[in-house]
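Since the structure comes first, as structure tokens, the remarks are kept for the end.
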């Protein structure tokens, strides 16, 4: 069963109690024909049409729970067995990998083929490669080797029923893989938009295919089932008209209440009248009451107060024109006296033109040195005088034109005051006096009228205001009367529509009833389909949030394990993963409030959070296999110890198969030293990918173990005693460090007293062993806490030997440091020291938290 079909089954099982019988029948129809249904999409309604044809032509059977049956028959991969790769990515020649052991560690520098191994596993287990998709490559193109064009990848796996066979790709295997892109994707899910976040949540939780399956359904199949209830729709429209009539009646009654307020306000002005119609009769324009008021007002029709300022301005204007006219006449007389001079203008210009080179007078030929007055100088002087006269002539013309225009405007204004005159520039002096007299007479007349009319103006204003007020009241009265009549008419009309509904729609009601009986069954299926698909889409939309909510506690526990250090304030006490796209990942520290993880966590901590969520999801899915694809790339140095502790010092992964690829040499060494030395070869398979300097082929070296005790055992077995002792020293350094951290993880004080032999120096190993033994003695004094006795005994055995004979510490020191020795190392003593270290290693790795310690904590 595919993961998408299995998730659809989960939906049916979880929602079954909320389904109607018809929904169960459609749900079962889709489940029974799942492969065909899922292969069709929403384009052209192909999936909806197919489901419609099934409903019309298939006996309908309700869905019943299949959980027990499917879980019994469902096979799940429990262990990877053997992988062979040829012509895939970096692999040219066929290479075989034994993955049957619980732990497989694959080390190699960048570019030596680690990712190719993980992608081969991803390809066989899930049927696709995420990296190829992100780089927009088809899988067949992405996986092809540049030399060997024939790609062959084989993966033997063991299933939950005990069978061993070639792996079958399934999306449910997605979360076997822990790699950088997924880690970062989980950590940064809060940074996306809501729509991107929904898609990202679906993708990261392995629900992308299921989400596509859910969105491939049409929201309705009514058109495919041809169940459009025409007559019922018509009847609904008619019934809505009844509802509309009721609403109109209600609204009209509310309006009438409003009219009452307006009516009361109006009638309060006319206490002697009883009805609005009485007000209308009294205030209508042709009533005696209004005729009397208008008659009073008509007597004052000719009473006005004139504005005298324009008339005063006209008188002033006439005086100003007189002054300008006089000035213009004077200028004209002055110019007339210069007329003779103007006539000689051309002569003077001609004389000036002859001056160049002249030696005698142009008129009488008298030599210039003999003349009484130089004709050329005289001509120049006269020309200057004539230019001044010409300028005055121009000014005169301009002034006269302006005055003539002003006189024309002035004369036109006189008509307003009924003063007839032929006033112009030529007769201005003789006529303006008469005009001025008439203006002053008119002004005197207007002043007298204004004085007589001023007392009457107030009375006229009062009459106008009164008539205007009555006019407004008349309009209000007629409006209220019309509104009352219209509302009552509407109420009567709508009541009639309601009362006669059944009789008017008798035929339509019968037709709709017959139609309902004909399409009732098919209509129920159409509605059931819409409800089912709506529930399915809600389930799909909420599923990432539901999964995230379920994972919160486990994710927080793993995050705190990875981030264990001496700073309690960085411990999380609450972690909330988003339950819908509008939410963010929220964290709460032991000393703080809820905060957006993306805002408050560092880059390194965000990646730890992403890794924690991935691991929690895989644990929830009960994955038997964890494949870590070079997580060193994603997790910083500070947190790698926490990752190692999470994997090896908790019980979550005790029965899991773990495959790790890494380019971190120290990281893989630390991983190996977490495993018990006893039967190491039975639980661990090591592959080293060696950088090939002579070509592109991947070079593999097997079982180059980096575990200190294993290397010590091997060195002693082949006679390299000094090398074996050096590895023993390294082993003791590693074991004391792990024991110390174990004590801290169990909640005991991690303070150890040590001796320092010089300023600035770190504690030596001997002092650390002394300090740990003292700390263990203190811990054992707590009631019932004896769980660390084996570790203390092993440390004391090493220390006692050193106190009595100083043999062990001599071996540890001399075996580590380079020096010339006169005597060889004692092989038997070296083996005895190795035995004690193996005893200490076993005591640490086989430690189980006792119930007494749970009670104390």
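Taken together, the values in this text are just the output of simple stated rules run on the coordinates, not laboratory data. Just so you know, these numbers come straight off a predicted model, no measurement behind them. For neighbour counting, all protein chains shown are included, and Cβ atoms are generated from backbone atoms with ideal geometry for every residue, glycine included.
Miscellaneous remarks
- With respect to the chain, whose longest principal axis is taken over its alpha-carbon atoms, helix 807-816 is tilted by about 50°.
- Segment 8-71, relative contact order [Cα under 8 Å, separation at least 6], %: 44 percent
- Mean sequence separation of contacting Cα pairs (under 8 Å, at least six apart), scaled by the length of the chain, corresponds to a relative contact order of 18 percent.
- Put in order of Cβ neighbour count within 10 Å, fewest first, the listed residues 17, 94, 214 become 17, 94, 214.
- For q = 0.16, 0.18 Å⁻¹, Debye-computed log10 I/I(0) when each Cα of segment 638-770 counts as one equal scatterer: -1.03, -1.21
- The shape of segment 8-71 comes out prolate: with a ≥ b ≥ c from the C-alpha gyration tensor, a/c is at least 1.5 and a/b beats b/c.
- Once the chain from residue 150 to residue 243 is taken as fully extended at 0.36 nm per residue, the excess over their C-alpha distance is 26.0 nm.
- Segment 2-40 versus segment 111-187: alpha-carbon centroid distance in Å: 30 Å
- The length gained on full extension between residue 469 and residue 493, counted as 0.36 nm times the residue separation minus their Cα-Cα distance, comes to 5.1 nm.
- As a proxy for reagent exposure, ranking 739, 66, 680 by other Cβ atoms within 10 Å from fewest up yields 66, 680, 739.
- Euclidean distance between Cα centres, segment 543-597 to segment 641-706, Å: 30 Å
- Pair residue 138, residue 257: separation of 7 Å Cα→Cβ label points (nm): 7.5 nm
- Hull-based mean projected area of the chain, where the convex hull spans the alpha carbons, in square nanometres: 94.5 nm²
- Nearest-0.05 FRET efficiency for residue 324 and residue 391, computed from C-beta distance (R0 25 Å): 0.80
- Fewest neighbouring Cβ atoms within 10 Å first, the residues 391, 200, 730 line up as 391, 730, 200.
- Only DSSP H runs of four or more residues enter the estimate; each adds -39500 (n - 2.57), and after division by the residues of the chain the mean residue ellipticity at 222 nm equals -20000 deg cm²/dmol.
- As a length-normalised measure over Cα pairs under 8 Å and 6 or more apart, the relative contact order of segment 513-644 settles at 23 percent.
- Degrees, to the nearest 10: 708-717 long Cα axis against longest axis of the chain: 30 degrees
- Crossing angle, helix 46-57 versus the chain [Cα axis fit, 0-90 degrees, rounded to tens]: 70 degrees
- Rounded to 5, percent antiparallel among DSSP beta bridges of the chain: 60 percent
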